[in-house]
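See structure below.
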Amino acid sequence: MNVKDAPRYVEGHNLLQGKSVLVTAAAGAGIGFAAAQRAAEEGARAVMISDIHAQRLADAVDKLQQSSGLQQVYGKLCNVVVEEEVQALVDEAEDKLGGVDILINNAGLGTSRTLVEMPDEEWMKVIDVTLNGTMRMTRAMLRKMQPRGAGVIVNNASVLGWRAQKEQAHYAAAKAGVMALTRCAALEAADHGVRINAVSPSIAIHEFLKKSASPELLEKLTEREAYGRGAEVWEVANVMMFLASDYSSYMTGEVVSVSSQRA
């Protein structure tokens, strides 16, 4: 097999059997939808996804029901920068899912701009969606999970939280913040039986990324990968499933790199 070819899709192994899962920013073809689909394939009893685009969200719910055969699939509009919408999402998920066992914080926003050309508005928007949105969802969910003494949260960070790239100061700062939030919140949540970890992908190719980055940049980034290709979105989701499952029961506050980058 050519290492640049996508690997064979991994079938589900009931890692999340009987669990309920909430995934933010999961409409479309990105990591969020892949995580929701993998959760269904791993035996989740119910899945709720959120997004800010109504039609895309409705289409994603239909697609997820059809592809997975899971009937308990729900969707709800939510902008994670609005606290009232975050509260409404968590409350409805708690109600419809009979309690949320697993939260996957996938919502994030990235643009490309040098720091000297960066307006405050662009910086603040990326930080608000990517870092503050993750904080708002985590805070709201912990208020439900901690009294139950159980629950798992998986955050989506990025290797840019560790590594430097031009025109990504705002996104890198936000993702580094997600890593720090993961570590600190995990220590607090551990006292209540709740685990919080994060994945840190290098590059996963999907339609949204193709729209926001030039072909030249994507080619340059994939050349850095040991396999000479970007990850499939489901390869990132697979690691999320591991962190969400009981197989990672001793892990909390960890940031797991999902990367084939050269040392």
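The values are calculated or read from the model by the stated rules, or taken from the named source; none is laboratory data. Note that this is a predicted model, so its numbers are computed, not measured. Reconstructed Cβ throughout: ideal geometry from the backbone, glycine too, with neighbour counts over all protein chains shown.
Applying the criterion of being modelled with pLDDT of 95 or more and farther than 17 Å from Gln168 by Cα to the residues of segment 196-212, the residue that is surrounded by the most Cβ atoms within 10 Å (Cβ to Cβ) is Ile196. Of Gly177, Gly193, all but one fail to be farther than 22 Å from Ile49 by Cα and surrounded by fewer than 18 Cβ atoms within 10 Å (Cβ to Cβ); the exception is Gly193.
Note on segment 37-49: among residues that are hydrophobic (A, V, I, L, M, F, W, C) and not in a helix (DSSP H, G or I), the one that is farthest from Asp101 (Cα to Cα) is Ile49. Only one of the numbered conditions (1) of a type outside the set (Ser, Thr, Tyr); (2) surrounded by 24 or more Cβ atoms within 10 Å (Cβ to Cβ); (3) more than 13 Å from the chain's Cα centre (by Cα); (4) part of a strand (DSSP E or B) is not met by Val21, and that is (3). Does Ala107 satisfy the criteria of being among the aliphatic types (A, V, I, L, M) and surrounded by fewer than 17 Cβ atoms within 10 Å (Cβ to Cβ)? Judged against the criteria, Ala107 is not a match. Looking for something crowded, with 16+ Cβ neighbours inside 10 Å, modelled with pLDDT under 95 and either under 17 Å from the mean Cα position of the chain (by Cα) or not aromatic (Phe, Trp, Tyr) (or both) - is there at least one such residue anywhere in segment 77-96? No, segment 77-96 contains no residue that is crowded, with 16+ Cβ neighbours inside 10 Å, modelled with pLDDT under 95 and either under 17 Å from the mean Cα position of the chain (by Cα) or not aromatic (Phe, Trp, Tyr) (or both). All of (1) of a type outside the set (D, E, K, R); (2) out of contact with any Pro (no Cβ under 8 Å at 6 or more places or on another chain); (3) under 23 Å from Glu167 (Cβ atoms); (4) crowded, with 20+ Cβ neighbours inside 10 Å hold for Pro215 with one exception: (4). Would you say Ala180 is under 16 Å from Val100 (Cα atoms), part of a helix (DSSP H, G or I) and among the hydrophobic types (A, V, I, L, M, F, W, C)? The answer is no for Ala180.
Determine, yes or no, whether Gln165 is at pLDDT below 95 and either farther than 26 Å from Met241 by Cα or touching a strand residue (DSSP E or B) at 6+ places or on another chain (Cβ under 7 Å) (or both). Answer is yes for this residue. In segment 175-191 there is no residue that is farther than 30 Å from Lys144 by Cα and in contact with a helix residue (DSSP H, G or I) (Cβ under 7 Å, 6 or more places away or on another chain). Scanning segment 111-133 for any residue that is closer than 21 Å to Val159 by Cα and at pLDDT below 95 turns up at least one such residue.
When every residue of segment 41-48 is checked against the conditions, none turns out to be within 18 Å of the chain's Cα centre (by Cα) and closer than 11 Å to Asn106 by Cβ. Looking across segment 163-177, the residues that are part of a helix (DSSP H, G or I) and either more than 25 Å from Gln87 (Cβ to Cβ) or basic (Lys, Arg) (or both) come down to Ala169, His170, Tyr171, Ala172, Ala173, Lys175, Ala176.
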